[in-house]
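Each reported figure results from applying straightforward, stated rules to the coordinates on display, with no laboratory input. Model, not experiment: these values are computed from the prediction. For neighbour counting, all protein chains shown are included, and Cβ atoms are generated from backbone atoms with ideal geometry for every residue, glycine included.
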Amino acid sequence: MPRSPDQIIRPEILALSAYHVPPASGMVKLDAMENPYSLPPELRNEIARLAADAPINRYPDARATTLKGALREALAIPDGMDIMLGNGSDEIIQIIALAFARPGAILMSVEPAFVMFRMIATFTGMDYAGVPLRADFSLDVDAMLAAIAKQQPAVIFIAYPNNPTGNLFDAGAVSRIIEAAPGVVVVDEAYHAFADASFMDKLVQYPNLLLMRTLSKLGLAGLRLGLLVGRPEWLSQLEKLRLPYNVGVVTQLIAERVLRYPGILLQQAEAIKAERTVISKRLMALDGIEVFPTNANFILFRVTQRYKAGEMFQELKKRGILIKSLDGSHPSLKNCLRVTVGTPAENAQFLEALQSSLKNPS
Ligand code: PMP
């Protein structure tokens with residue numbers, strides 16, 4: 001008799017829950033940090049033509065030379081730095097972890113952080129160390145420095161701004177962590193388009209710094225394209241772990257074409273930032289809601305009266321609005337929910353549903 005999965009699969013994988021993606025059909029979808037806007041019709045027509053003529057009988061350009069050139073320009077990547085592309089930045093996190101995974105090697109982040117840091121540590125057999133943020137979700141530098149000294153992490157991931165809290169950590173605090181780290185520090189700037197600061201210009205200064213970006217939050221989540229920027233001595237090693245054709249022909253063509261019009265996505269990001277202010281203010285004005293500061297395209301808030309977060313999530317769902325409840329994911333996120341900024345109409349629907357839930361529970 002062949003052995004069953006639970007006899008042969010690693011216990012830590014058996015213990016995992018798969019990354020949960022809730023069904024969203026027919027809902028106002030404000031749960032996944034997507035850009036709610038589509039591209040202008042002329043650009044969509046260009047994309048349709050590109051897709052029609054794409055040589056999909058051939059493997060993609062494994063080096064993605066044209067796309068990397070476009071990224072280099074659009075993202076102002078410093079001279080001397082290399083780029084590695086991933087099927088979303090999730091894949092890049094995994095490539096990085098694979099490079100460092102050996103028995104006892106530690107992947108460190110803060111808590112709460114993006115869940116994939118911990119999950120990918122588990123996938124790759126690394127040990128995960130999460131250093132708690134302070135109650136206001138700021139970086140606890142002393143705790144972080146102590147943990148670094150004690151645990152000697154091979155790699156530290158810091159999302160800047162952080163997910164799920166939305167705040168931007170103090171740049172000086174992050175720099176101290178980079179300076180103290182015995183291994184590499186990956187600054188994950190997934191939400192860069194909505195933030196006031198970046199570590200891109202620090203790449204030249206810090207030899208152990210890698211910077212990760214994604215096109216997902218900018219408006220191309222469906223394309224799946226993430227990138228890592230860093231020194232050739234790191235990236236040439238990580239490249240060995242990248243599967244040869246991980247970024248498809250159509251993704252390369254479309255991403256390169258959209259990057260020719262950087263103004264479009266930037267304008268959409270500006271609209272999202274403006275709406276973020278509107279929602280935050282409206283939330284702050286509500287009794288029973290505590291709102292946290294954000295530099296991302298989502299807002300973290302806590303329900304303090306009448307409902308628990310899970311109940312509020314259900315109330316909103318009944319009213320056709322899908323957001324994310326973070327209750328139970330970390331003690332500091334008790335009764336917290338996260339809403340992604342949508343279009344003005346979607347945001348108005350969300351706020352109306354929230355207000356009506358607070359007033360008249362169903
Ligand atoms: N990093 C952070 C901080 C994120 O929040 C996310 C998406 N939720 C990712 C990386 C992954 O994004 P993608 O794989 O779409 O590039």
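For this structure, a couple of remarks:
- Rounded to whole Hz, the Karplus (6.51, -1.76, 1.60) HN-Hα couplings of the stretch 78-83, x for glycine and proline: x, 4, x, 9, 9, 10
- Along the stretch 33-40 the Karplus relation, 6.51 cos²θ - 1.76 cosθ + 1.60 evaluated at θ = phi - 60°, assigns HN-Hα couplings of 6, 7, 6, x, 8, 9, 7, x Hz to successive residues, with x for each Gly and Pro.
- Calculated FRET value between residue 278 and residue 10, using beta carbons and R₀ = 35 Å, to 0.05: 0.15
- Along its three principal directions, the equivalent ellipsoid of the stretch 54-260 from the Cα gyration tensor extends over semi-axes of 28, 18, 15 Å, largest first.
- Stokes-Einstein translational diffusion, the stretch 256-362 - Kirkwood Rh over all Cα pairs, 1.002 mPa s, 20 °C, in µm²/s: 147 µm²/s
- P(r), alpha carbons of the stretch 52-94 - 10 Å bins starting at zero, rounded %: 21, 47, 28, 4
- Taking label points 7 Å from Cα along the Cα-to-Cβ direction, residue 146 and residue 73 give a separation of 5.1 nm.
- Label zone at residue 127, where the point sits 7 Å out along the Cα-to-Cβ direction: the stretch 68-109 residues whose backbone N lies under 20 Å: 97-109
- A simple spin-label model places pseudo-atoms 7 Å from Cα toward Cβ; at residue 25 and residue 352 they are separated by 2.5 nm.
- Mean separation of Cα contacts under 8 Å, 6 or more apart, over the residue count of the chain: relative contact order %: 22 percent
- Residues listed by number, the stretch 55-73, amide nitrogen under 16 Å from residue 250 label point at 7 Å toward C-beta: 55-61
- Across the stretch 183-193, coupling constants 3J(HN,Hα) worked out from phi with the 6.51/-1.76/1.60 Karplus curve, θ = phi - 60°, read x, 8, 10, 9, 8, 9, 9, 4, 9, 3, 4 Hz, and Gly and Pro carry x.
- Convex hull of the stretch 263-317 built on C-alpha atoms - directionally averaged projected area, nm²: 4.4 nm²
- Exposure proxy ranking, count of Cβ atoms within 10 Å, fewest first, for 325, 17: 17, 325
- Distance distribution note for the stretch 167-295: the fraction of Cα pairs above 19 angstrom is 62%.
- Compared with the direct C-alpha span, the chain from residue 171 to residue 47 gains 40.8 nm at full extension, assuming 0.36 nm per residue.
- Above-threshold pairs, the threshold being 25 Å between Cα atoms, out of 202/281; 150/240; 281/308; 217/308; 150/334; 240/324: 202/281; 150/240; 217/308; 150/334; 240/324
- For the stretch 1-132, alpha-carbon Rg over 2.2 N^0.38 Å: 1.43
- Charged neighbours of residue 197, selected by a Cβ distance under 15 Å, balance to -2 (K, R count +1; D, E count -1).
- Computed log₁₀ I(q)/I(0) - Debye formula, equal Cα scatterers, no solvent, the chain, q 0.14 Å⁻¹: -1.27
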